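See below for the structure under consideration.
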Amino acid sequence: MSINRTSRKSRRRNLPPGPMKLPIIGNLHQLGHLPHRSLHRLSATHGPLMHLQLGQIPTLIVSSPELASQILKTHDQVFCNRPSTPAFLKFTYGGLDIAGAKYGDHWRQMRKLCMVEIFSARRVHSFKRVREEEVHVLIQSIRRCCSRSEAVNLSEMLLCMSNNITGRQAFRKRFSNVGECNRSELHDLMRETIEVAGELSVGDFFPCLQYWVNVITGFQGKLERSFKRVDELWEREIGEHCLLSDLSDDPSHDQEEDFLDVLLKLSEDHANLGFSLTRDHIKAILADVFFAGTETTAATLEWALSELMRNPRVMKKAKDEVYRVVGEKKGKVVEESEIQQMHYLKCVINETLRLHPLGPLPIPRESMEECRIHIYDIPRKTRVFVNAWAIGRDPTSWENPEIFFPERFEGSVINYRGHHLQFIPFGAGRRMCPGMQLGIANIEIALANLLYHFNWELPNKTSKMDINMTESFGISVRKKLPLVLMATTT
Ligand code: HEM
């Protein structure tokens, strides 16, 4: 398959348009080692529309707001499929979820159901207490490090917090020890699974040899083992929920419904639902909630703090705002109602998402039919990566794009809701992130509290420029090296 351009010569000679290839500028070997900066460098040389031949898969990388608008708005209906990779198919029970589902009736039904029942503003609000309690546990855990003059591994703690919040939202269970924000069975399992799911396996790009390539490289074995453990976890939680709902004197009946309560209830209501929500559908949705929701949230917080450490002026301004809004409130958690007045904090989060979006690689789109983008004909089944990372650093949209400058969002109409294609950390169009509000609520409350309760320093008198900002690939783009800081209480 080639990506064709209408030839100028043929137009001059009044001939029917003949094909001209959009040159292939990269291959699988390069992509395997391409961090975002190399992709950025390639697009600086080859323009914002790049064609890579990844094994058997024609692949486009789109790195300008104009082209992103063509993919995610003008031709959203053509590009709203997701390619099936073995890892996605496995963890989503053959694409029964939202993120891995092929575009069509099933995806529409699942997305609508989850938007109403799981991702709605009402549901996000109902977990306010869960977020505030888990942030309180995080603060207490950091305080204990302070009292022992120990460095805080924030990368690890933030991921544990995010897992605990999601565990409580999904099935009312936190997995760390009581009162701790430490590693748990869930934490290790999610880490391992996210690594497997985010891995670029060679077999993904050779569909006809996929299974055998994955067996030979050992990827298939890794995938099966990981899946078995995750499936056991979902089964255990579903079993416990079914048992609890049979016990009329269950004390947790007073509490907010969790996602699993909601999904189990819906699964018994085929008539109203109009389709059958099986156990596998439920497990697939749980997989989405954990895999799409935990690391993304923790990674954004990690980048925000790293940028604040490198930019003391911004750190001071953000802390001043939090104090001004909250006032003197010893030992308490900053509450969500107070965050609505923290406009600069929101700019800091925007600026973090601009420079450190989820990344172009983990959740690609796929064209469902042939389509013309710019002057090129893009064949059916082309994989498309919209490079939010490069778009967020595009000098034609952003002044001094490499500088962390939250003020650029003050008084600006640009937001992350998918309307402004120069800033798309949550994507845009039909397949835009449905968990945006949930993710932002977690990030805001955690960041406000980390700024309110602590002063942060680098360990061993290292300089702010020593903070390593190298990225690593996975489901989200995380810091390659953990963020380790010293905290003192304010
Ligand atoms: C900072 C946090 C987050 C970021 C940056 C983020 C980003 C993204 C992006 C870029 C996409 C692809 C959109 C596209 O193709 O246009 C996506 C899809 C998705 N996200 Fe998020 N996300 C976050 C949090 C969450 C949370 C908390 C959840 C759920 C609990 C979630 C669930 C999903 C799902 C299910 C999809 C697939 C949607 C579909 O294919 O229809 N995300 N996210």
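The values are calculated or read from the model by the stated rules, or taken from the named source; none is laboratory data. Computed from a predicted structure; not experimentally measured. So basically every Cβ, Gly included, is an ideal-geometry build from the backbone, and we count neighbours across all protein chains shown.
Tabulated data for the structure shown
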| read-out | value |
| --- | --- |
| Lone unmet requirement of (1) in contact (Cβ under 8 Å) with a residue 12 or more places away in the chain; (2) farther than 28 Å from R183 by Cα for E307 | (2) |
| Options F88, F79; residue that is in a helix (DSSP H, G or I) and not aliphatic (A, V, I, L, M) | F88 |
| Qualifying positions in segment 348-377 - buried (at least 22 other Cβ atoms within 10 Å of the Cβ), more than 24 Å from R313 (Cβ to Cβ) and modelled with pLDDT of 90 or more | R365, S367 |
| Within segment 132-142, tally of residues that are out of contact with any Lys or Arg (no Cβ under 9 Å at 6 or more places or on another chain) and buried (at least 16 other Cβ atoms within 10 Å of the Cβ) | 6 |
| Residue check for G427: exposed (fewer than 13 other Cβ atoms within 10 Å of the Cβ) and at positive phi | no |
| Strands (runs of 3 or more DSSP E) within segment 365-472 that include 3 or more residues within 11 Å of the ligand (Cβ to nearest atom) and within 30 Å of I57 (Cβ to Cβ) | 383-386 |
| Tally, over segment 150-209, of residues that are away from the ligand (no atom under 16 Å from the Cβ), more than 30 Å from T488 (Cβ to Cβ) and not charged (D, E, K, R) | 11 |
| Near pairs, Cβ below 6 angstrom, 6+ apart or cross-chain, from segment 311-334 (touching a residue at least 40 places away in the same chain (Cβ under 8 Å) and within 23 Å of E410 (Cα to Cα)) to any residue that is surrounded by 13 or more Cβ atoms within 10 Å (Cβ to Cβ) and of a type in the set (G, A, S) | V322/A448; V334/A448 |
| Segment 473-485, subset touching a residue at least 60 places away in the same chain (Cβ under 8 Å) and surrounded by fewer than 18 Cβ atoms within 10 Å (Cβ to Cβ), residue farthest from the ligand (Cβ to nearest atom) | V484 |
| Top-ranked residue of segment 53-76 - restricted to ones that are in contact with a strand residue (DSSP E or B) (Cβ under 6 Å, 6 or more places away or on another chain) and not in a helix (DSSP H, G or I), ranked as farthest from the ligand (Cβ to nearest atom) | Q53 |
| Candidates F127, F79, F91 - the one that is of a type in the set (F, W, Y) and away from the ligand (no atom under 12 Å from the Cβ) | F91 |
| Matching option when the condition is more than 10 Å from the ligand (Cβ to nearest atom), part of a helix (DSSP H, G or I) and among the small types (G, A, S), among A299, A304 | A304 |
